[in-house]
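Structure, as structure tokens:
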Amino acid sequence: ADGKVALHIEDEIPFSYVSAATQEALLDGRGYNFDGSIFAFSETWPGRTIDHVVVEIVPVIVPDTKDFPLNLAPGTPYIMLFETHYTAQGEPVAFSQVHVDDHYIRFHVVRHN
């Protein structure tokens, strides 16, 4: 978005869901980088693949902190998505917080009968 961050995602996944090799890399401080989406990553969690997500759209204000991920001034309104990721059986397996600069990204609801 004109060279600025328009969307920043923070995913939370239970440590026990990831592979032993990934756990070892994280514990050794080597870190882990997965280039795909959380949906693709969940395919590596046997029996816990993400099937659907429930999203809560919340208006929030930029906090006065130096490490805020969007290029917005403190006190600026923006959109936060709180996501809960579920398996096909309805088990919650991951959570995400998505910071959205709504100057660049707009959400629309499509209703259909």
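The values are calculated or read from the model by the stated rules, or taken from the named source; none is laboratory data. Quantities reported herein were computed from a predicted structural model and do not represent experimental measurements. Reconstructed Cβ throughout: ideal geometry from the backbone, glycine too, with neighbour counts over all protein chains shown. For accessibility, only protein heavy atoms count, side chains too; no ligands or nucleic acids. Shrake-Rupley method; radii C 1.70, N 1.55, O 1.52, S 1.80 Å.
The phi torsions of region 97-110, fed into the Karplus equation with coefficients 6.51, -1.76 and 1.60 and a -60° offset, translate into couplings of 10, 10, 8, 10, 7, 6, 6, 10, 10, 10, 9, 10, 9, 10 Hz, rounded to whole numbers, with Gly and Pro shown as x. Pairs of Cα atoms nearer than 8 Å and 6+ residues apart set the relative contact order; for region 23-113 it is 22 percent. Projecting the Cα atoms of His99, Ser16, Thr65 onto the dipole axis of the chain, where Lys and Arg carry +1 and Asp and Glu carry -1 at the beta carbon, places His99 farthest toward the positive end. Figure legend: label point modelled 7 angstrom from the Cα of Phe95 along Cα→Cβ; residues of region 6-43 with amide N under 11 Å from it are 12-14. Couplings 3J(HN,Hα) for region 21-35, derived from phi with the Karplus relation 6.51 cos²θ - 1.76 cosθ + 1.60 (θ = phi - 60°), are 5, 5, 4, 4, 4, 5, 5, 7, x, 6, x, 8, 10, 10, 7 Hz, where x marks Gly and Pro.
Length gained on full extension, Lys4 to Thr65: 20.2 nm, using 0.36 nm per residue less the C-alpha separation.
With +1 on each Lys and Arg Cβ and -1 on each Asp and Glu Cβ, how big is the dipole of the chain about its Cα centre, in debye rounded to the nearest 20? Walk me through the numbers on the way to the answer.
Details: 6 positive and 16 negative charges, 47 e Å.
The dipole magnitude comes to about 220 debye.
Can you show me the helix-derived [θ] at 222 nm for the chain, built from DSSP H runs with n ≥ 4 at -39,500 (n - 2.57) apiece and divided by the number of residues, rounded to the nearest 500. Spell out each step's value before the answer.
Details: 2 runs with 13 residues, N = 113.
So the calculated ellipticity at 222 nm is -2500 deg cm²/dmol.
Could you give the accessible area per residue of the chain, probe 1.4 Å, as a whole number in Å²? Intermediate results must be reported in sequence, preceding the final value.
Details: 7820 Å² over 113 residues.
Result: 69 Å² per residue.
Over the chain, with every protein chain in place, what whole percent of the accessible area is carbon and sulfur at 1.4 Å, could you tell me?
Values: 4110 of 7820 Å².
Of all accessible area on the chain, carbon and sulfur atoms account for 53 percent.
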